[in-house]
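Working notes, beginning with the structure itself.
The values are calculated or read from the model by the stated rules, or taken from the named source; none is laboratory data. As the structure is a prediction and not an experimental result, all values here were calculated from the model. Here the Cβ positions follow ideal geometry from the backbone for every residue, glycine too, while neighbour counts run over all protein chains shown. Each accessible area value is taken on the protein alone, full model and side chains, heavy atoms only, with ligands, DNA and RNA left out. Shrake-Rupley method; radii C 1.70, N 1.55, O 1.52, S 1.80 Å.
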Amino acid sequence: MAGSEGRLERRRVAKRAAIRSVAVRLALEHGPDAVTVEMISKAADISPRTFFNYFRAKDDAFSIEPHQWTAEEILGELKARPVGEAPAESMRVVIRVMAAAADFAHLAAEWELLQQLYERHPELFSRMRLGEVDAAIAALSAEIAARRGTDPAQDLYPGMLVGASFAALQAAENQARHGERPLDELIDEAFDLLVRGL
């Protein structure tokens, strides 16, 4: 996304991450069922109405979205890329934007807290909206297919590219967490490997 629109999206992502951080900490302390939207809102210094600008329901604050981005926001980033750009390059830029918008050190700490929450409360797995992850992958794949002029039901490339893009992000994050190289450099290296292999 260009200019101010991109900054607005990144601010939204940061605000969602801050609210989620508060929600996860409260859930670790009190249990997810005891936590209310009002408790989260008060601790995050927002109104309950503001909470619902970022999450459809309380349990969504405990969900595992990639880098706090919604499917619509990720798709918006992809659609903002030039149509004639190579699909792998478009996905590289989208993944870099997602990673840049997240405070990586903070995100790693938050991820650990979220993992603790799911370990203590495995019932949260049953509340996850995994269909939304599938829908996001399908929407991104459909956009890549449209750019290639193919049918995503017949063309394996779009789905493979989207899946591989998120795998590249995960591999780069794991390396950055345990190494000394910057995340954006590792993302570029991961995509270079993908492009050579794809």
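For this structure, a couple of remarks:
- Long-range neighbours under 6 Å by Cβ, at least six apart or interchain, first residue under 17 Å from Met91 (Cα atoms) within the range 149-160, second part of a loop (DSSP other than H, G, I, E, B): Pro158/Pro152
- Residue within the range 134-141 that is over 30 Å from Ala23 (Cα atoms), modelled with pLDDT of 85 or more and either basic (Lys, Arg) or surrounded by 15 or more Cβ atoms within 10 Å (Cβ to Cβ) (or both) present: yes
A quick yes/no check of all residues on (1) closer than 23 Å to Gly179 by Cβ; (2) modelled with pLDDT of 95 or more:
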| position | (1), (2) |
| --- | --- |
| Ile74 | no, no |
| Glu77 | no, no |
| Ser90 | no, yes |
| Val94 | no, no |
| Ala99 | yes, no |
| Ala105 | yes, no |
| Leu117 | no, no |
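- Flag if Pro48 is open to solvent by 30 Å² or more (accessible area, probe 1.4 Å), modelled with pLDDT under 85 and of a type outside the set (Lys, Arg): no
- Number of residues in the range 19-36 that are surrounded by fewer than 16 Cβ atoms within 10 Å (Cβ to Cβ) and either under 15 Å from Trp111 (Cβ atoms) or in contact with a helix residue (DSSP H, G or I) (Cβ under 9 Å, 6 or more places away or on another chain) (or both): the value is 5.
- Scanning the range 140-166 for residues that are in a helix (DSSP H, G or I) and touching a Ser or Thr at 6+ places or on another chain (Cβ under 7 Å) gives Pro158, Gly159, Val162.
- Entry remark, the range 1-18: residues being in contact with a helix residue (DSSP H, G or I) (Cβ under 8 Å, 6 or more places away or on another chain), of a type outside the set (A, V, I, L, M) and either modelled with pLDDT of 85 or more or open to solvent by 80 Å² or more (accessible area, probe 1.4 Å) (or both) number 3 in total.
- The C-beta contact set for the range 82-100 (first residue part of a loop (DSSP other than H, G, I, E, B), second residue open to solvent by 10 Å² or more (accessible area, probe 1.4 Å), distance under 6 angstrom, 6+ apart or interchain) comprises Val83/Arg147.
- Scanning the range 167-198 for residues that are within 19 Å of Leu140 (Cα to Cα), in contact (Cβ under 8 Å) with a residue 24 or more places away in the chain, open to solvent by 50 Å² or more (accessible area, probe 1.4 Å) and in a helix (DSSP H, G or I) gives a single hit, Val195.
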